Structures are given as structure tokens and as C-alpha cells.
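In what follows, a single structure is set out as C-alpha cells and then discussed.
The values are calculated or read from the model by the stated rules, or taken from the named source; none is laboratory data. Note that this is a predicted model, so its numbers are computed, not measured. For neighbour counting, all protein chains shown are included, and Cβ atoms are generated from backbone atoms with ideal geometry for every residue, glycine included. To get the accessible areas, we keep the full protein, side chains included, count just its heavy atoms, and leave off ligands, DNA and RNA. Shrake-Rupley method; radii C 1.70, N 1.55, O 1.52, S 1.80 Å.
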Number of protein chains: 4
Amino acid sequence: MVKVKIIGATGYGGIGLIELLTQHPEAQITALVAREEVGKRISDVYPHLDGFCDLPILDAADPRAQEAPANVVVFSTPDRVGMYEAEKILETGAKVLDFSGDFRFTSQEAYADYAIRHGKDPVHAAPQLLGKNAYGLAELHREAIRKAEVVGNPGCFACSCILGLSPAAKAAWFDPMSVICDCKTGVSGAGKKLAATFHYPARYENMNAYKMAGHQHVCEVERELSLQYGEPVRITFTAHVLPICRGIMSTLYAQLKTPMTEEDAVAYYRTFYKDSPFVRVYGSKAPIGSNCVARTNFCDLVVSVDTRVNRLRVVSYIDNLMKGQAGSALQNINLMTGLPETLGLMRSGMYP
Amino acid sequence: MVKVKIIGATGYGGIGLIELLTQHPEAQITALVAREEVGKRISDVYPHLDGFCDLPILDAADPRAQEAPANVVVFSTPDRVGMYEAEKILETGAKVLDFSGDFRFTSQEAYADYAIRHGKDPVHAAPQLLGKNAYGLAELHREAIRKAEVVGNPGCFACSCILGLSPAAKAAWFDPMSVICDCKTGVSGAGKKLAATFHYPARYENMNAYKMAGHQHVCEVERELSLQYGEPVRITFTAHVLPICRGIMSTLYAQLKTPMTEEDAVAYYRTFYKDSPFVRVYGSKAPIGSNCVARTNFCDLVVSVDTRVNRLRVVSYIDNLMKGQAGSALQNINLMTGLPETLGLMRSGMYP
Amino acid sequence: MVKVKIIGATGYGGIGLIELLTQHPEAQITALVAREEVGKRISDVYPHLDGFCDLPILDAADPRAQEAPANVVVFSTPDRVGMYEAEKILETGAKVLDFSGDFRFTSQEAYADYAIRHGKDPVHAAPQLLGKNAYGLAELHREAIRKAEVVGNPGCFACSCILGLSPAAKAAWFDPMSVICDCKTGVSGAGKKLAATFHYPARYENMNAYKMAGHQHVCEVERELSLQYGEPVRITFTAHVLPICRGIMSTLYAQLKTPMTEEDAVAYYRTFYKDSPFVRVYGSKAPIGSNCVARTNFCDLVVSVDTRVNRLRVVSYIDNLMKGQAGSALQNINLMTGLPETLGLMRSGMYP
Amino acid sequence: MVKVKIIGATGYGGIGLIELLTQHPEAQITALVAREEVGKRISDVYPHLDGFCDLPILDAADPRAQEAPANVVVFSTPDRVGMYEAEKILETGAKVLDFSGDFRFTSQEAYADYAIRHGKDPVHAAPQLLGKNAYGLAELHREAIRKAEVVGNPGCFACSCILGLSPAAKAAWFDPMSVICDCKTGVSGAGKKLAATFHYPARYENMNAYKMAGHQHVCEVERELSLQYGEPVRITFTAHVLPICRGIMSTLYAQLKTPMTEEDAVAYYRTFYKDSPFVRVYGSKAPIGSNCVARTNFCDLVVSVDTRVNRLRVVSYIDNLMKGQAGSALQNINLMTGLPETLGLMRSGMYP
């Protein structure tokens, strides 16, 4: 039985992972740690968990939190929390999975580039672990994740864009300076922190582009696509927020070097992902929408070509809190602990 | 392995049951029958099922449909379909579960009363089966369902009202003429049939009361509450539709005969439902909302007393497509086939 | 030209009144006062007003705020703000319109009862003005509002319930202890203050009853209905919040003393409101929903009788921010300043 | 008083124009024609109009429809209706405004190109009128609209894209083969015709790209941008539908020929639109969203430059039923009849 301890248990990422683990046949939660609501049962705060997880919310300093056994410690925390704790945890023999940007980069330089771009301290607090870590997108780094001591769970937008363009990048189909990622997210992508712009009445029937000066996920996308391509890929990225709860739809454009049919593109994508059970590839006539992946770990890709102007167009659908967060996290935990990759995750969504 | 055949597989009830059965460890689907989309794979029409259920949609007359083995045949069909087929199915040794009003009543008189009230033919087509059937609300009729050859799955509103008031009715706390059921449902309660009033733009930010002259679920509620009470109970029932997808919230009022505290009422309700794993009872301070039960088989009851006027007030929350339909259906299938009542159903919802 | 000064200009009530006044042919805004965003233009904070109202947001102490001329000063502020300022404003010759509970009651006793029920100081700060004030529901107190120096704008739920039951109360049709008000509101009814329960993802597809121990609007409803009835009326009131932005739907029940037809009830209601241009009365077959009144000052009433149990049932629809707040406010300003009651308000909603 | 007759009065476009005209000081509706609900009052079908417009819905052949005087006859009808009627109407001295694609093109060739692309008969039924007509986007064709006998109201997506890119096209800032229009619309853009994909439960929390093979508005956008540019402009256009009622957000990308700052771009756009009262231009830091233009005739443009890759990015917000349909229509009627362009339209939206 794999033992999991969750730090930051009361945010959307923590809750999502609790929900999944209560259904997992080979894993159990040993402790929940958070800074808010300490002392209450998690199911008092989130009554949908009543009868499924009634563990107390513990302060990080609580001995019960410290002494709880763990094979994996999950940090569902903001940037620059996990990096200060990881080393100590590794010393206990546990592995670390971090939801923030702390371990998404495998060198100090890459981390610094990321940190500077969105106004954080560029000095990593655990540089000795960079290189021992893996980027937690199983579809591209399955083996590295299995072996890594520390895994950085991907950003939600990044996950959708990278899965949507990696096959084309690997095949070097497009001009690497021509990529545009037009991304639309439900509001839950911003987490549970209150904000005037996410107050229900202010958000109702209201959609907008935001962070137009630069979104923190751009670094991940450019780094991973460049890795696949073998040359630097540079993107224009626009984040939009829409008045739904869950879901990301990223529409991805790239100028093809040579003409190509949709059929060929779809076939190649399917081959690329043939060993990835959570990616499903479709042509442009399939009736795919974000509801096909809602509350699941799937990424559905609709691959097409605008032949009039020779442009690849991929629409990538994920649930930002599942494949974009807790689902990928469990997929990573499975890999990190030697369990089957799909355990506890292979479930369809519900319609409507 | 329990074998299930679904007639009317492409409606919300059918799809919901397919989703549940693909996760069920002891049941499998043997055939899907519908009148629309015949010949396509169910997952071509509902791509969220891609990889989970790729069975073809068959015409009722198709030999593959006729010959598929079944322990239970489910009719997810409108009124007056299942009643014409049930006898033949029973002869094959299978049991019948019907989602319509056809088998919710156990006498010709009760059926006729129901049928007349909402403008249908009052003559039941299989009167010989009335009396061998059970009303499929496990919390009240668990043993009868286990033994019945035919089970009538409850109406969604009815389920919420009956669970909300049965303990008080059983204890005869209230004046049986004083009951008011003020019920609010998401739009999915009306099924997938297109209607101007459920066209997305027409329904957006739009709520209204409807069928004020009389809703077809009233008969079930009055019959079951009267059964518990031991005297005729008569209700005023108002149905409202709200611009959400899933969820029923029924606010139930009844004039108490003698004063009572909330604490006593809650305690009694908990005792009443102590062997019913899908009913959770709370006092008025618990932060319960329809999201606590969304996409689950739970009914969450908030029990309170307006002591100023000596009135019982219960708020009953269910997911209309789960406890109100496919979830109760699977709970009944489990009972009808000797499986544990909660198999394949004991799962929390997801937040947010 | 009527001059209006708005205190609390950046809340929903303030913004709503600004929107209306920018279209009003006989009124103008002379100053906007608030505690937040001081120094900015209102249209920088709310860009939909760009070009319509570009006035600066002033601190209350700013001489420009103090010296701006005004015929009416509007307090779109919480309880216990306006009561401390009203006397000074009256001395300048201006009238006062207050959105809070401060001037909804015309005696110290009534105010104290209200204040105690929801945990506020029961001592009114301007008792000398009680009696000179009017309850700002024009349909019942048109003449009093015309003459009053201070008007208390009604609560949004209260407005919907009082309009829905006043005709029946006036005619003493029902048992005064039998009234139930089952009220459903969109989230904007809670104002713009951030709260976990109104964070967009937490509220999406989530509905619940709240404040079950007692809502602050109950006092107003009971006071006004008792006034119409001539005897004390006592109500059970349940507030529910639904995931829409605007709209209140109140379903109102009362036990009739003698049988009555829907036709007679509708006819009497129409007569009662024949001089009230913002109330429209319908029978139960009219396709009325909250969208019929959205973004307008109308109250649409659907009047029916459950003849099986002899119970009156009225569904009352308003826009909580219009007839429930800023619309009633402008209606009152018109009356207080001798303008036609409907000026700047007689506009239909938009479909869909 | 300008007299307006509306053909196709019961669709979203017709209703929207009725709403506007009931508030217009210098125009009146003389007849409403439709194929559905004939004989009823428009306010029986759309009760929000009760008291504002209670005209009967007439059959086209009804003498009352035929004989009603009109200065402008509006066809709020599908393609290939207005083109058969226009000549007769012009003979009566009235002008024609058509909401469909019938009169959006000024030559038979352009019409045929449009018709072929979306599978319609390429032969125009009134070729003699092409050339006498104008494209009804006032911001670009104000004088032509004033003089035209027939005006083709723009498509909603087209309106948002053309307004968003015309200044840059006029200045030839970008590579004319590099334009991408990533457009998001609320569901009302698809009109009131029922469809499975717009059934409320199926659309709830569900977003998707559609018509990926080619949308009918592409022709208009390419034609108008090419006209501004002076060279052929070719676009990749992706339509997405989102679960809101009203609103279009189009994110527009084009590769700049030479580097440019956001400040310069914004300044030039403001100059370009200085005489267009319904276009407001902002930089990327302004808090603009679709709610800023909801239920108004405004187009709000957020202009920015991705300087890392030298790409222009404009986000264009309109209400698809107002500036994208009925609002532009009234703007055109004003121009066609010599009234001030903004009459009856200069109104802010409502928040929230």
C-alpha cells in the first residue's frame, strides 16, 4: 500500500488528489497538512468527502504530520515552498511531487529564467536537486518520472499546449517561430484564492484575455517543445478566462513548412501517442468538446490543417484540475511507486 | 458477472447507467438498444465513452439485441413502453427495471390515478405484474426490491421529497394536510429532448416555476408518505427549473403537531437512515449545497425547525441523474441480483 | 434638473443607480463618494461606464463631495451609516434615500426588533427622524414617499414577498399564521463583497439554502403584510442562493380561509395594482420567468390556487438589483422630487 | 417619425430590434411579420415586451403586413429570403436592411464565392441591386450606408474581426498571409433554432471549436480587410462556442513587418476610430471583458504587441446580438434615414 502525505491539502489540487486517492486500490493518505482550517476534519470543511476522508487537517509542525509514514509527499503549495522542504523529505526515503514551478526545470538557469519572467526570486533553494528531478508529464517523460526522486507536476495550460504540439515539434513540421497558443480556461484554474475578478456576479457571462504581458506557463511550453523539436521554439501565448468551472481548450497554430493533409497529421499523432492511454486523437469532424474530458485524466486532441494557408491547427482539451493537476499527479505517483500508470484513473466522465 | 441489457440507451438515464456499469466490478453490459443513432457505436455519439464502452447501438428488433443474455433488462424509456415488454422478459428468467412510471405503482387503481392526472391512458398493459413489482427506493423498500421481478425506478423529484419527509411521516409529527414541497431542479431533469424553453440562450440566467397545475411526481410522493404515515398525506408541490445542469434541491415544509427542537429532529432522522449508506443527515448549520452530492448517489438532508411557527423544514439535495435516476437504478440492480447495495456506487463527488 | 449625490458609489447599488441616472432626462449626478478606489474615475474601475460617467470617486471628507449640490443624497451603504448622516443632510434642504435597514422602520421599537434579530445595536442613532421617514415601496406607500424627508429603500427579498402577498393580505384571504416564503436569489443579491461561498468555482452549479435561523428581511415582510392585513402575519422564510447573477423568484404560499378560483385571484390582484405601472399580474399558464424582468424595474406576479388543498400560491419575479434595489431607488427619487414615477425606468428587458 | 417593418420578427435579431425601437424617440414599428406564432401578440410569446410592444404577429401575406407604411423594411431572415423581396420593397419607396448574407457583397462574383463556400446556390436573385447596396458596418462605410437603398448587416464574428484589424490593415502593418482570428462566441450567436448541441444540459460547462472546415463569415472578413489593406488578406479563422448567452471575444493575431510598441498601436487605433462613437480602444492593462459591452452597441478593442516575436494581438469584444446584429441594424437605420447615428443606442451596459 503506497502511503501519501499531502501538504496544502485544502486547495483545489489537494482536494482533487484526496478524491482520487479515496478510490485508489493501492494507495492511502496518511496525513493532511494545511495552514487554514487546522484542527477540523477535512470533511467538515468539504462535506462531499463525508465518509470518504475524515482525517484531521494538521499544522505542518504537528507531530502527527511529521511522523506519518509516506512513500510520496505531495506539495500542493505555491512556488517556493516545496523547494525548502524537499531535501529533508528525500532523507526519510520518501519521494517528492510538487505542484508548483519549483521542480519543473532541471537546471538553475532554466529555473531562473522562469522565476525572473514572473517576478520571483531567481535563486533556487535546492539547486543540488535540479537534475535529479523530472518534469511530470508522463507522455513525454515516463521513464524519467519512474526514476526521479523529485517530480514537478506540469502547469495546466502548459500540459494542454505541450501535448497538443509535441508530435508536430518532434517531426519538425513547422516554423519554430510561428507558434500561437490561444488558451481558454475555466475559473478553477486560478485556484480557490478569492479575487474580485472571480466573484460570481462579476464573472457571470464575462470572458476576457488576461496576463497579456506574459504568463508563467510560457517557459515550460517553450522548453518542452524546443526539446522535442531540437531547436528553440518561441510562442505567442494568450490566456483567456471563461465563466465555467473546469476545462481548458487550447487552440494551437503553427505554420507548416510543407503542405500536409489532416489524415496524415491525425495518423502521425496517433502513432506518437500509441502508448499513452490518456491521450485520444481525433480529426476535425469528431464532436469533441471540453465535456468529453471533464472530471477525467484524458487529453483529447483534435488535429486539423488549414490547407488554404498551410497552417496546422490543433485543439487540445483537458480538465485543468485533472490532467492539468490532480490527475497528472496521481499518474506520476503511480509511476514513481512502480504501480500501473492508469491505476485509479481509468474512468470516463459523466454526461451531461 | 451480472449481465445488463439497456433499452433506451442513448437518453440521459441510459448513458448514466452505462457510465456506472463500465466501472462496476461485477456487472457488464451485453446490449444497447435505442431508436436513434442505430448502427453507430455509442462512443461515436458520446465520445466521453471512447475506450470505455464501444458497443453498437442496436435496433430493438436486431437479433443481437434479442439474443444478448441478461440478468436484468433496464427500460430507460418513456411511460408505456416497458409495460408492454416486461412479461416477455420475465419469461426469459431476467428481471426488469423500468425508469418510467409504468411500475411505480402496485395496483391498477394507483396506476390509473397517476395516469389520469397527467393525461395518459389509465389502463395498465400488464396488470398481472402489479403486485409482483416494487417501488425502487431502496431506503424504504430494500427487501421488496431484492425479491421483486419488476422494479419501478422512482421519479427524481419524488425521490428527493420522499427521502426528506419519510422519517417525519413515519413518526406522524405533522398535520398530513400541511405539507408543501418546493422543488428546484437543474435542466437535465427534463431529459435530452429538445425544447424551446431549454435552448441554452433562452434558459441562461432564467428560472421559473412550471407545471403549476400538477406535476406527475405528486402521486408517488403522496402514496409513499401516506404509506409511512398510515394516513393520507396531501401535498402542494411546486416544480421550478433553474439554469444549472444537474441537481435537485427540495425544500419541504410541514406543520408540526407539537413543538420540537432541531437536535431531536436530526437525531431521529439519523436513526431512521442508519442502515442507508447513501443518506447523510445534517443540522441547519452544516455547509451543505447541491455540489456535495453532484455526480454521486447521495441524498443529503438538512433538517431544521422554524420554532417561531412550529414548522418542520427539511432541505433535500440529490443529483437528479444519479440518486434521482441512474444511481438509484444501479443500487436497485445490485439488490435485485444479490450484490452488495453499494457496489460501484460508493464514490464521492469532485470539488469544485 | 434633479441633483443626486451617491454615497457608496462603487457597490452594486451605487453602480446600478449611476447606470440609470446617466439615462435619466431630468436628473444628474453631482458627486460620487466611496471608501475604495478613491481618486480614480468611476469608469476606470467600471469601464462599461466609459463615456457615460467619468466622475472621480471622492472621499467623504473631500470638499468636492461636501459641497456638491444635491436634492437627494443616496446612501448605498451598509446598516448604521446613513442614520448618522441623515440629519445633517436634511439641514441642507436635501432629502435622503437609504438602501440599508436604517430607515425601513418608522418607530424605535420596530427598528430595535429588526436590529436585535440580526445581531446589530438596537439603538437607532437618529430616532427623531423615525416617523418622518417612509418605507420605500412605491406600490404601497406612494404618497408617503412623496412627502417623506427620508426614505428607506426595501430589501430585495422583502420587495418580492410583499408585492406578492399584499393584495391577499389586504383582503384577509388567508390564515395569517400560514404564510411560507420560499425565496431564490441570484448571487448578486449578496453584493460585491468577496466570500468563499461566492467564489466562481465554488458556486458553479451549486445551490443551497442559507441563513436558515432567520434572514434580516423577515421583519419587513411581516410588518408590511400585517399592516395590509390589519392583524399580525407571521411567516416562515427560506432564502436560497442559485448560481445565476441577477434575479429573485419567490414562491409564496398561504392557506386560504375559503375556496377561491385562480381567475378571481388574478382579477383581484390586477385591480389592486391597477395604478402601479411596474407590477404585471398573470395566471399560471403565462410563460413567465425571471428573464421577463431581468434588468428592468418590473415585478411579475403569477397568481394561482392549489384547489386540492385550498392554498394560494404566488410566484413573484423581480431583478434583485433593479426593482430590488436601484430601480426602486430611482422610482423613489422620482416621487421624492415631484417627477413622474416612471421617468428613466420604463424600459423592457432584452431577450435572450 | 421613421416607420420600420420587421420581417422575421420572432428570431433573436427581430426581437432585439423591437426592444431597441420601443425606446427610440424618432422611430416606430408598423408591422411584425413572421412564419411562427402568427396571430398572437408578440408580447404573448415574449412577455418581457408586455406593455412595450403588443403588436400582432402577421403572416407575410396578411394585408395588414403588406399595407403597413415603412421607410425601412428589415429582413431578419435566413439567407436567400430578402433577395427575392427587395426589389418590390424599393419600388414602394422604402429602403431595405437585410440581416443575412444576401446583401453583404457588392458583386455577383463576391456573392458566388461566399455562397459556394458554405453550400448555397451561387446565383444571386437580385443581381441588379448589387452595387446599389452597402456593407452595413458604419465604422468603415458610413457614407455608403447613408446613400444605399439596400444594406447588408454584417455577420457577428465578421464585425468583431473587421473592427479589430481594419486600422492595422489600412496601415499595412502586417504580412497579409499571417492573420489568425481565434473567435469565441456565446450560444445566442447560433440563433433560436433548437439543436442538440445547444440543449442546455449538453452545453453546460462545455466549450468546443466548430465548423473547422470553414465558417461563412470568413469571406466578409477577408474582403473587408483586403479592401483596407489594398492587397489580398487571407486568414485562418477558428470559431469556438462557449456556454454563455451573449458576447463575442475575438483574439486576432498578425505578424508585424516592423517592430512596434503597444503605445503607438493604441494611439493609431484611437485616431482611426475617432469619429466612431461605438468603438473604444484600450491598452493591454485595461480591465476589459465581454461584460463591458454586454447589451450595448459598443466594440471594445484591446490592442497589444507581443514584442518577443513581433506579433500584433488585438482582442475585440462585442455583444453578438447588439453590435453584432440588432445594434448595428439600428445604427444603419439611423444612417439610412438621416437620423443621428447614435439615436436610441447610446446607453451603457449594466454591472454586474
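Assorted remarks:
- Carbon/sulfur fraction of accessible area - the range C:1-67, other protein chains in place, 1.4 Å, %: 45 percent
- Counting DSSP beta bridges with both ends in the protein assembly as shown, the antiparallel % (nearest 5): 45 percent
- Karplus-derived 3J(HN,Hα) values for the range D:146-159, using 6.51 cos²θ - 1.76 cosθ + 1.60 with θ = phi - 60°, are 4, 8, 5, 8, 10, 10, x, 5, x, x, 5, 4, 4, 3 Hz; glycine and proline are entered as x.
- Placing a label point 7 Å from Cα along the Cα-to-Cβ axis, C:LEU194 is separated from the same position in the other copies by 0.7, 4.3, 4.4 nm, shortest listed first.
- With both labels modelled 7 Å from their Cα along Cα-to-Cβ, the D:ARG35 to C:ALA195 distance reads 4.9 nm.
- Taking Cα centre as origin and charging only the Cβ of basic (Lys, Arg, +1) and acidic (Asp, Glu, -1) residues, the dipole magnitude of chain D rounds to 540 debye.
- Legend: mean number of C-beta atoms from other chains within 10 angstrom of residue C-beta atoms, peptide D:49-60, equals 2.
- What the phi angles of the range D:112-119 give under the Karplus curve with 6.51, -1.76 and 1.60, with θ = phi - 60°, is a coupling list of 4, 4, 4, 5, 4, 4, 10, x Hz, glycine and proline written as x.
- Fraction of beta bridges assigned by DSSP in chain C that are antiparallel (%, nearest 5): 45 percent
- Column: log10 I(q)/I(0), Debye, Cα scatterers of the range B:22-63, q = 0.17, 0.22 Å⁻¹: -0.47, -0.72
- Over the range A:164-248, relative contact order from alpha-carbon pairs under 8 Å, at least 6 apart, %: 52 percent
- Proximity of backbone amide H atoms, modeled 1.01 Å from N, is registered between A:LYS257 and A:PHE174, A:ASP175 at under 5 Å, excluding neighbours fewer than 5 places apart on the same chain.
- Sequence-distant contacts, meaning Cα pairs under 8 Å at least 6 residues apart, place the relative contact order of the range C:76-149 at 29 percent.
- Other residues within the sphere of radius under 12 Å centred on the Cβ of B:ALA172, judged by their own Cβ, net out at 0 (K and R +1, D and E -1).
- Considering only B:LEU321, B:ILE235, B:MET260, the residue lying farthest towards the positive end of the dipole of the range B:186-322 is B:LEU321, judged by Cα position with unit charges set on Cβ.
- Förster radius 30 Å - calculated FRET efficiency between C:LYS211 and C:ASN310, Cβ distance, rounded to 0.05: 0.50
- Rounded to the nearest 10 degrees, the angle from helix C:327-336 to the longest Cα principal axis of chain C is 70 degrees.
- Distances between placed amide hydrogens fall under 5 Å for C:LYS95 paired with C:VAL72, C:VAL73, all partners being 5 or more residues away or on another chain.
- Antiparallel content of DSSP bridges confined to the range A:130-262, in %, to 5: 50 percent
- Counting only protein heavy atoms and a 1.4 Å probe, the range D:29-181 has 39 square angstrom of accessible area per residue.
- The mean number of Cβ atoms from other chains found within 10 Å of a Cβ in peptide C:265-271 is 0, as a whole number.
- If the convex hull is drawn through the Cα atoms of the range B:197-299, its volume per residue in Å³: 152 Å³
- Each distinct pair of alpha carbons in the range B:1-143 adds a 1/r term; the inverse of their mean, the Kirkwood radius, is 15.9 Å.
- Cα-centre dipole for the range D:228-286 with unit charges at Cβ (Lys and Arg positive, Asp and Glu negative), debye to 20: 180 debye
- Secondary-structure-derived ellipticity at 222 nm for chain D, considering helices only, amounts to -8000 deg cm²/dmol, per-run term -39500 (n - 2.57) for DSSP H runs with n ≥ 4.
- In the range C:336-352, the residues whose accessible area drops by at least 20 square angstrom when the other protein chains are added to the isolated chain are C:MET346, C:ARG347, C:SER348, C:GLY349, C:MET350, C:TYR351, C:PRO352; the probe is 1.4 Å and only protein heavy atoms count.
- Buried accessible surface for the B/C chain pair comes to about 4000 Å², total over both chains, computed with a 1.4 Å probe.
- Computed over chain C: relative contact order in percent, which uses C-alpha pairs under 8 Å that are six or more apart: 17 percent
- Solvent-accessible surface of the range C:201-352, averaged per residue with a 1.4 angstrom probe and all protein chains in place: 28 square angstrom.
- Dipole magnitude of the range D:262-352, debye to nearest 20 (Cβ charges: Lys/Arg +1, Asp/Glu -1, about Cα centre): 160 debye
- FRET efficiency, B:SER226 to A:ASP44 (Cβ-Cβ, R0 35 Å, nearest 0.05): 0.40
- Among D:75-82, D:169-176, the peptide with the highest mean count of other Cβ atoms within 10 Å heads the list, and the full ranking is D:75-82, D:169-176.
- Nearest-first distances (nm) between copies at B:ALA61, label 7 Å from Cα via Cβ: 4.0, 7.8, 8.8
- Residue-wise HN-Hα coupling along the range C:75-81, computed from phi with Karplus coefficients 6.51, -1.76, 1.60 (Hz; x: Gly, Pro): 9, 9, 10, x, 3, 6, 10
- Protection proxy ranking of A:7-13, D:18-24, D:86-92 - average other beta-carbon atoms within 10 Å, highest first: A:7-13, D:18-24, D:86-92
- Equivalent ellipsoid dimensions for chain D as semi-axes, Å, which come from the Cα gyration tensor, largest first: 33, 22, 20
- Ranked packing of B:121-133, B:335-347, B:244-256, B:210-222, most packed first, by mean Cβ within 10 Å: B:244-256, B:210-222, B:335-347, B:121-133
- Approximate spin-label separation A:THR342-A:LYS285, in nm, with each point projected 7 Å along Cα-to-Cβ: 2.7 nm
- Euclidean distance between Cα centres, the range C:254-298 to the range B:304-352, Å: 36 Å
- Other-chain or far-sequence residues with amide H under 5 Å of A:ALA27's (modelled H): A:VAL2
- The alpha carbons of the range D:159-203 give a radius of gyration and a Dmax of 16.2, 46 Å, in that order.
- Pairwise FRET efficiency - D:LYS147 versus D:ASP113, Cβ, R0 = 25 Å, nearest 0.05: 0.50
- Alpha-carbon Debye profile of the protein assembly as shown, log10 I(q)/I(0) at 0.05, 0.08, 0.09 Å⁻¹: -0.39, -1.06, -1.37
- Plainly put, the tip 7 Å out from Cα toward Cβ on B:ASN310 is 1.9, 8.5, 8.7 nm from that tip on each other copy, the closest given first.
- Links that overshoot a 24 Å alpha carbon limit, given the list B:LYS120/B:LYS211; B:LYS95/B:LYS192; A:LYS3/A:LYS132: B:LYS95/B:LYS192
- Environment charge at D:ALA138 (Cβ cut-off 11 Å; Lys +1, Arg +1, Asp -1, Glu -1): -1
- Projected label distance in nm at B:ALA171 and D:THR261, using a 7 Å step from Cα toward the beta-carbon: 7.5 nm
- Inter-chain shielding of A:38-45 (mean C-beta neighbours from other protein chains, 10 Å cut-off): 1
- Taking only protein heavy atoms and a 1.4 Å probe, the accessible area of the range D:75-167 is 52% carbon and sulfur.
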